């Protein structure tokens, strides 16, 4: 008689609460780092060109597109 049994890996010992929590300490959420643009004051990520005014390190590196609201 043949049966279709599946064998699973079984831990030798139970993982304690302390060991489990120590392993999971790096799984926490972190708030993203943001800075304000010195030219226009909008919020952006560090080391990125500003999407509102197009400046990075005091120089204009991209030309921002005009939106419908800005042209009115």
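What follows is calculated from the coordinates using simple rules that are stated; it is not laboratory data. No experiment lies behind these values; they were computed from the predicted model shown.
All Cα-Cα separations within the chain were binned at 5 Å from zero, giving a P(r) of 3, 12, 12, 10, 8, 6, 6, 6, 6, 6, 6, 7, 5, 3, 2, 1, 0, each value a whole percent of the pairs.
For the chain, the relative contact order is 13 percent, taking Cα pairs closer than 8 Å that sit 6 or more residues apart in sequence and dividing their mean separation by the residue count. With contributions of -39500 (n - 2.57) from each DSSP H run of at least four residues, the per-residue ellipticity at 222 nm computed over the chain stands at -3000 deg cm²/dmol.
Under the 0.36 nm per residue contour assumption, what length would be gained going from the current alpha-carbon distance of residue 7 and residue 63 to full extension?
Length gained between residue 7 and residue 63: 13.9 nm.
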